[in-house]
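Encoded as structure tokens, the structure appears first; notes follow it.
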Amino acid sequence: MKLDAHHHLWTYSAQAYDWIGDDMAVLRRDFGPADLVTCLRENGYDAAIAVQARQTEEETRWLLALAAECPEIAGVVGWLDLCSPELETALARWSADPKLAGLRHVVQAEPDDRFMLRPDFMRGISQLSAYGLVYDLLVFPRQLPAAIELVSAFPEQVFVLDHIAKPPIGTRGFQPWADLIRDLATAPQVSCKLSGLVTEADWTGWKPDDLYPYLDHVCEVFGPDRLMIGSDWPVCLLAGTYTQVMDTTAHYLQSRFSGPVLDQVLGDNAARIYLKRKQRVS
């Protein structure tokens with residue numbers, strides 16, 4: 001299976017998606033399953049993981065309903081309030097849906113860089129492994145120290161780092177991101193999505209060579225068994241088409257890996273990590 005590990009769907013409204021600014025006009029429309037399936041089929045991918053874009057249970061319910069009707073949506077990384085004292089009840093209810101693969105909080109938007117180390121948030125994280133749910137880390141480089149502390153506290157919890165932690169590719173910034181990523185990767189339960197790079201680069205002037213130093217680094221520190229390709233569609237449209245983004249990453253990977261190892265990064269790892277929840281629970 002060739003699996004896109006990261007995409008979004010939404011019915012657009014300015015109020016619901018207030019993070020879509022004036023410089024993101026291309027995103028101000030609906031993106032539904034039919035659009036996704038077209039992208040997948042045109043580029044030779046079998047399925048994708050839908051990831052939350054709003055912090056509401058309503059969106060989680062909507063994504064799971066879409067996934068139930070669309071086999072190309074292989075799994076959903078939704079949102080639940082991890083700080084809620086009622087989280088365990090919510091997890092028991094929501095985890096009954098076989099398409100729920102994991103949860104995510106938009107930590108990058110939190111003003112407190114140590115938000116993930118709050119006792120109530122950590123209590124929430126502590127409950128996920130019992131249900132076999134992955135937790136997606138969405139952070140900026142400045143929040144990586146807290147992410148490193150978080151994952152070290154939960155060695156049994158499966159984590160996936162989104163967008164290689166958004167390094168400042170546009171300004172060619174490399175440190176301290178690179179050292180922090182190396183530290184994060186020492187935790188064996190953390191994997192990394194090769195996604196979201198073009199939107200951290202110069203949207204209108206990026207070249208594949210701009211991305212390669214960052215891809216080199218995460219490939220070195222995580223290794224091919226903990227990497228997965230992702231489009232970050234439709235957000236990637238800010239800087240390139242689905243085909244441009246996925247082909248750029250795939251061509252890089254083909255220059256570095258081959259055979260079953262390449263297959264791991266192009267889909268097998270994402271399938272193993274996101275779609276084997278029942279096996280993880282047992």
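The values are calculated or read from the model by the stated rules, or taken from the named source; none is laboratory data. Bear in mind the structure is a predicted one, so any value in this text is a computation, not a measurement. Note that each Cβ is placed from the backbone with ideal geometry, even for glycine, and that neighbours are counted across all protein chains shown. We work out accessible area using only protein heavy atoms, side chains counted, and drop any ligands, DNA or RNA first. Shrake-Rupley method; radii C 1.70, N 1.55, O 1.52, S 1.80 Å.
For this structure, a couple of remarks:
- Pairs are defined by a Cβ separation below 8 Å, a sequence spacing of at least 6 or placement on different chains, a first member in segment 175-193 that is in a strand (DSSP E or B), and a second member that is of a type in the set (Val, Ile, Thr) and open to solvent by 20 Å² or more (accessible area, probe 1.4 Å); the pairs so defined are Ser191/Val158.
- Some residue of segment 194-213 being free of Cβ contacts under 8 Å to residues at least 40 places away in the same chain, of a type outside the set (A, V, I, L, M, F, W, C) and touching a helix residue (DSSP H, G or I) at 6+ places or on another chain (Cβ under 8 Å): yes
- Taking every residue in segment 144-161 that is closer than 22 Å to Ala101 by Cα and pairing it with any residue that is aliphatic (A, V, I, L, M) and in a strand (DSSP E or B), at least 6 positions away or on another chain, the pairs with Cβ-Cβ distances below 6 Å are Ala147/Leu137; Val151/Val190; Val158/Val134; Phe159/Leu137; Phe159/Val190; Val160/Val134; Leu161/Leu137.
- Where helices (runs of 4 or more DSSP H) fall wholly inside segment 212-282, the ranges with 3 or more residues that are closer than 19 Å to Ala48 by Cα and open to solvent by 20 Å² or more (accessible area, probe 1.4 Å) are 242-256.
- Odd one out for Asp113, checked against (1) under 20 Å from Glu156 (Cβ atoms); (2) surrounded by 15 or more Cβ atoms within 10 Å (Cβ to Cβ): (1)
- Filter result for the condition that a residue is within 16 Å of the chain's Cα centre (by Cα), modelled with pLDDT of 95 or more, within 21 Å of Leu194 (Cβ to Cβ) and in a loop (DSSP other than H, G, I, E, B), over Ala48, Ala53, Ala5: Ala53
- Unique residue being open to solvent by less than 30 Å² (accessible area, probe 1.4 Å), of a type in the set (Ser, Thr, Tyr) and either farther than 22 Å from Pro33 by Cβ or assigned to a helix (DSSP H, G or I) (or both) when the list is Thr199, Thr204: Thr199
Yes/no per residue for (1) out of contact with any helix residue (DSSP H, G or I) (no Cβ under 6 Å at 6 or more places or on another chain); (2) open to solvent by 50 Å² or more (accessible area, probe 1.4 Å); (3) of a type outside the set (S, T, N, Q); (4) not in a strand (DSSP E or B):
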{"site": "Leu63", "(1), (2), (3), (4)": "yes, no, yes, yes"}
{"site": "Pro71", "(1), (2), (3), (4)": "yes, yes, yes, yes"}
{"site": "Leu80", "(1), (2), (3), (4)": "no, no, yes, yes"}
{"site": "Leu103", "(1), (2), (3), (4)": "yes, no, yes, no"}
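- Leading residue by the ranking (farthest from the chain's Cα centre (by Cα)) among those in segment 8-35 that are farther than 23 Å from His105 by Cα and hydrophobic (A, V, I, L, M, F, W, C): Ala25
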